[in-house]
Each structure stands twice: as C-alpha cells, then as structure tokens.
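The values are calculated or read from the model by the stated rules, or taken from the named source; none is laboratory data. Because the structure is predicted, anything quoted here is derived from the model rather than measured. Cβ placement follows ideal geometry from the backbone for every residue including glycine, while neighbour counts extend to all protein chains displayed.
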Amino acid sequence: MRSIRGNVWKYGDDVNTDVIFPGKYTYTISDPEEMARHALEDLDPDFVGRVQPGDIIVAGKNFGCGSSREQAATCLKYAGVGAIIAVSFARIFYRNAINQGLPALSVPEAAGALKAGQEVTVDLSAGEITSPEGTFSFPPLPEFVMGIMEDGGLIPHVKKSLAEKGAG
Amino acid sequence: MPIPQTISQKILARNAGLEDVSPGQIVTVSPDVILTHDNSAAISGKFAQLGVDRVWDAERPVIVLDHVVPAANEKTAGNHQTIRDFVDRQGIRHFYDVGVGICHQVVPERGHVLPGSLVLGSDSHTTTYGAFGAFAAGIGRSEAAVVWATGTIWLMVPETMVIEIDGTFSAGVYPKDLILYIIGQLGADGALYKAVEFRGPAIAELDISGRMTLCNMSVEMGAKAGIVAADERTMEWLRDRVEGPLEPVISDPDAPVERTIRYDIGELEPQVACPHTVDNVAPVGEVAGTRIHQALVGTCTNGRLDDLRQAAQVLRGSSVAPGVRLLVLPASAQIYRQAMAEGILETLAAAGAIILNPGCGPCLGAHEGVLAPGEVCISTANRNFKGRMGCKEASVYLASPATVAASAAAGTIADPRDRLAH
C-alpha cells in the first residue's frame, strides 16, 4: 500500500480525547476542516499551526483514552497526520482511527525510541518503520482493516460493499 | 465437549451464531440495541453517505437526547431538530426527547437491557449496562451509522479480567470510592481492552445503582466492558421494566481469565480523583481543605435516587458554603419525580443547591455550569481531564455524592464521615 513520510510529534502516556478534541466543540463543530483547527489545542497549542501533511504522532501508552468521540481521530486526520505510532491505544480510539483511514500502529519499541522532529517513513504493506533510530518491524494489519484503510475509511468502504452487493 | 467460557465469550458467541469464541477472535455481531444520543444528527449524516434509505430495523436503535439539553444555542437546537426529523422519517420506535434523562439511565430504566444482551452505543459509558449482566461497549459514530444501515459490526473478543471484592463498606464509603480506588491502583490502562468482571460477596451485596457506578467507570481504566453477573437483585430491578423471560448468563467456573485481582473494602476510605486524570486517586484526607467553587451531584455515574439521597443525608440541616455553587442533576425524569416525592429535592434546595434538569449538564463542558480559569469543581462525574468542564485552566476532582455534598457545605474538599457522624 502507501508509504507515509513526515516528522515526529512526540507525546507521553494517556493522551486523552478531551485534549485531542475538547468536549465543548463536539456539538458545535461538524466540519472536519474546522475540527482540524482545534486538534490537540489543550495539549500542544503549537501543533495546528506547524503540522505538515504526512507527519507522524508518536506516543506512549493508552493513546486516545477517554471519550469515544470520533472527532479525535477525524481532527488529526484532517490536520494532516499520516499515522500514529504508540505503545498502546485505547480501544474505541483505535477503532475510530481505522474507521477514519488513519493508521494506528502499536509498536512499543519504535514509540519509545523515536524523537520529536525526526523524519520517519512508515510502510504499511511491508510492516516497517524507517528512522534515524533504526528500522522497526510490525505485524501486518488484519486484511479487513487494510481494506477499510485502502478505501479511505469505514463509510466509503461499507458504501462500496453495499453498492457491490446491490449490483450483484 | 463445550469449551468453558466467560460471560463475555458466551454473549458474543451466541450473538455471532457461534458455539464458542476465543479472546482475540474477530466476530461479526448484530447488537440487540444500538444507542446514540445528541450525536445522532452527525451519525445520520454518515448514514446518508452509505447509500441506504432505511435503518435496518426500526426497533433496535435507541436515541436519547441528553448531552446538551435543553438546547444551549441555535446550533444545538438545530441538531435536535435534525434528529427528530430523522426519527420521524425512519419510524424509530425508541426515541427519548429532551428531559427524559441521561441515556445510560434511560436505556435500562425503560427496559432496553436484559441479562445476556449485547448493547453497543456511540458513547464510552455504554459500559454501564454491564451492571445487568449484559455485554455493553462503546463504539464510534461511523460504526453506529454502519450498524443502522446493516445491523452488524465487527468486534474483537476481549480477555476477561476478574476483580473480586470482599468485605463490607464502612459508614460514609460507597461504590464510587471503590471504583476510584481500583482505577487509582490499576491505572488508566490497567484493564486495557479487557472485559472486567466484578465478582465476590461485596458485589453480590451491591444494589443495582452501585453496580452501575462500577461498570460505568470501568472504561476509565481502559476496559472494553464492565460486567456484573445477573442475580436475584438484577431480576427484581428488571421485573417491572421488561417483558419476557430473564435468563442470566454466568461465567463457567473453569473458564480461563487473564488474571484475578482481589480487594477487601473493610478499610476503604473515601477517595478523590485529583486533577487532571481519573487515575490520580488519593484518600480524601490528602486533599481535604482545598477550596472549591462548584460542586456537582449527578451524571450517569452518580445521578440516581440513592446518590441524591446520599447527598441529602449529608446536607440535611446544613447550607452550601458561601461562594460555592452546588448543582444537582437527577439522572432521569423518573428519578427527579421520585426525589421530589421523597422530599430529597426539598432538602437539597433548602440547603442552597441549584436543582437542574435531567441531562449530562456540565459534565462535558457544553453548558449548565462551565468553569472559569482558576476555578475548582468537585463532581460525581467520571472524567476530570484538563478542559473537561469547558475551561483548561480549571480543575476538577471526582468523588462520591457524599464527599461532594460534604465539600459543598464546607466550601473546601471535606471528608463526609465527619458530617455523617453527627
């Protein structure tokens, strides 16, 4: 599949969805581009102004804990984040990331080693992360997850398969 | 020879049409109930993108307006209007409009959960219904739209972690203190992706409300689901609310579990989650004396009749301290009326509490009690992340209704046992 390349944004453990996308916006902002303008604002006010397409978030344990709000994944995706590498993910956030077509990779060694600002490449089909700290492998994503990613997210993926069923 | 299974495995297997399932296995399930709330408008937008006209089954969605109710501005009012239109067009049977209550209270109250049910909801605290012996988990908005369209979604079978509780609560100590203590011990990812099953004599003694508090907050230690096996108490609570036979699903005694952790609550003291994480837990004595500006009794975690009664017991004959706003939000219209009939609301109002409508209120910082920079709130809610109540320069402590009430009277964080002793 595709390769993702960008610079690392490094954060710690338990980055919760209230700091990724504050609750006070959840019923007032519905446009994904507008969501992107508030990404991580309660954790890192520098992020939205400086993030580049393809940049990679690297974090510790339990990334995305807290509320189930999908906006946490959407705002990062539309801010240009190409992938998230963490020690571990909170489960609902993990699902939301997949469903937004945003690769969420649990690679503890890489998450520990990578440093802020480093240029990193992620090859999803090869299962490899290339960086100044070395190369890290990760197991391939389950086939159905790759299918969702390849279609750009759950909604386009299911729309496609429903249309195919209808045509058959 | 049937393989020994835990409650979660049995429920997921049965729903997926399989004889048994193993942790790590991906299954396709068709939830008995798909819960959505104020986010139903956004979900209907995603649903519209799927190219499907009708919801797969108008009986199985449950939609409850609770997060910003009554509407706080034109945007949220328009949101509610969109949802009502969708409900009408689709003929959604189970729609609960503004004022009925918080979704996690309304869903069981109105008979939508049975032991052995599989309930998914576009809200992390969907885990609450595990208190009834159901498998209940949170999912995202896109997935909820897919369930509306197709009736199915994928789940990975979690491992089960058993938490066994012994002993009895001392005076002034409650289930909220227990779950805060556990989260403090295990950490925000201590039960990451596990189905937590609460067992033991102390759990058997817990009433439904206490079980709901435990299961509600299990997500705050990363759990996929929190479950208490259904027993006679469960059946009694459900008897007048649901139709049909009630059959508990019980874990096989020899079903493998990831691990078992035991706690004895005999010495447990009131606990407080300190800013700005739920697992930053300390005994109340360590933070007693901290000045507060606002106190909240309510939310899906602790907004039930016994919670309000707990607060009223502490506040009877006292007043809310000057400079403190005490907000009380009964979790449902039914509870509001019961509390009114029992004189609980009178006791709280006489003490100076501000009684608000059933709903999520200030818990997520949308309205009805947002904080200002530098303010401190002590709350019976389930989250205290930075910015949670609408202001990132404010601080939120989490505690039991008794501790919150005692703090409201003192004007500072206070141990409820001192007040209850008199």
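Miscellaneous remarks
- Evaluation of A:Ser67 against (1) away from chain B (no Cβ under 12 Å); (2) surrounded by 24 or more Cβ atoms within 10 Å (Cβ to Cβ) (one fails), failing number: (1)
- Residue that is farthest from the other protein chains (Cβ to nearest Cβ), among those in the stretch B:355-378 that are buried (at least 17 other Cβ atoms within 10 Å of the Cβ) and over 21 Å from the mean Cα position of the chain (by Cα): B:Val376
- Taken over the stretch B:116-129, the residue count meeting the criterion of being closer than 19 Å to B:Gly151 by Cβ and part of a loop (DSSP other than H, G, I, E, B) is 3.
- Within the stretch A:147-168, the set of residues being within 16 Å of A:Gly82 (Cβ to Cβ) and either within 14 Å of chain B (Cβ to nearest Cβ) or hydrophobic (A, V, I, L, M, F, W, C) (or both) comprises A:Met149, A:Gly152, A:Gly153.
- Flag for A:Ala86 being under 27 Å from A:Glu41 (Cβ atoms), within 14 Å of chain B (Cβ to nearest Cβ), touching a residue at least 12 places away in the same chain (Cβ under 8 Å) and of a type outside the set (S, T, N, Q): yes
- The criterion of at least 1 residues that are within 20 Å of B:Ser124 (Cα to Cα) and modelled with pLDDT of 95 or more is met by the following strands (runs of 3 or more DSSP E) wholly inside the stretch A:1-113: A:104-106.
- Matching residues in the stretch B:1-51 - criterion: being among the hydrophobic types (A, V, I, L, M, F, W, C), buried (at least 20 other Cβ atoms within 10 Å of the Cβ) and touching a residue at least 60 places away in the same chain (Cβ under 8 Å): B:Ile7, B:Ile11, B:Leu12, B:Val21, B:Val29, B:Val33, B:Ile34, B:Leu35, B:Ala42, B:Ile43, B:Phe47, B:Leu50
- Answer residue from the stretch B:120-142, given it is under 23 Å from B:Thr160 (Cβ atoms) and more than 13 Å from the chain's Cα centre (by Cα) and is farthest from the other protein chains (Cβ to nearest Cβ) among those: B:Gly133
- Residue in the stretch B:379-396 that is surrounded by fewer than 24 Cβ atoms within 10 Å (Cβ to Cβ), closer than 16 Å to B:Val287 by Cα and in contact with a Pro (Cβ under 8 Å, 6 or more places away or on another chain) present: yes
- Among residues of the stretch B:228-247 that are under 11 Å from B:Ala204 (Cβ atoms), those with a beta-carbon under 9 Å from a residue that is assigned to a loop (DSSP other than H, G, I, E, B) and among the charged types (D, E, K, R) at least six positions away or on a different chain give the pairs B:Arg233/B:Asp207.
- Given (1) within 14 Å of chain A (Cβ to nearest Cβ); (2) buried (at least 24 other Cβ atoms within 10 Å of the Cβ), index of the condition B:Ser407 fails: (1)
- Condition met for A:Pro45 (surrounded by fewer than 16 Cβ atoms within 10 Å (Cβ to Cβ) and within 11 Å of another protein chain (Cβ to nearest Cβ)): yes
- Residue match in the stretch A:95-115 (condition: more than 14 Å from every other protein chain (Cβ to nearest Cβ), touching a helix residue (DSSP H, G or I) at 6+ places or on another chain (Cβ under 6 Å) and crowded, with 23+ Cβ neighbours inside 10 Å): no
- Residue match in the stretch A:116-138 (condition: in contact with a strand residue (DSSP E or B) (Cβ under 8 Å, 6 or more places away or on another chain) and within 14 Å of chain B (Cβ to nearest Cβ)): no
- Count of residues meeting criterion [in contact with an Asp or Glu (Cβ under 9 Å, 6 or more places away or on another chain) and touching a residue at least 40 places away in the same chain (Cβ under 8 Å)] in the stretch A:24-55: 2
- Those residues of the stretch A:21-42 which are within 10 Å of another protein chain (Cβ to nearest Cβ), of a type in the set (Gly, Ala, Ser) and crowded, with 16+ Cβ neighbours inside 10 Å, in sequence order: A:Gly23
- Filter result (crowded, with 18+ Cβ neighbours inside 10 Å and within 14 Å of chain A (Cβ to nearest Cβ)) within the stretch B:52-92: B:Val52, B:Val55, B:Leu65, B:Asp66, B:His67, B:Val68, B:Val69, B:Ala71, B:Thr76, B:Asn79, B:His80, B:Ile83
- One residue from B:Leu192, B:Leu155, B:Leu186 being under 30 Å from B:Leu50 (Cβ atoms) and either away from chain A (no Cβ under 12 Å) or of a type outside the set (Phe, Trp, Tyr) (or both): B:Leu155
- Unique residue being in contact with an Asp or Glu (Cβ under 9 Å, 6 or more places away or on another chain) and either of a type outside the set (A, V, I, L, M, F, W, C) or under 22 Å from B:Thr76 (Cβ atoms) (or both) when the list is B:Pro416, B:Pro322, B:Pro401: B:Pro401
- Only one entry of B:Thr213, B:Thr277 meets the criterion of being within 14 Å of chain A (Cβ to nearest Cβ) and among the β-branched types (Val, Ile, Thr), and that entry is B:Thr277.
- Residues that are touching a residue at least 24 places away in the same chain (Cβ under 8 Å) and not small (Gly, Ala, Ser) number at least 3 in the following strands (runs of 3 or more DSSP E) confined to the stretch B:130-217: B:153-156, B:160-166, B:195-199.
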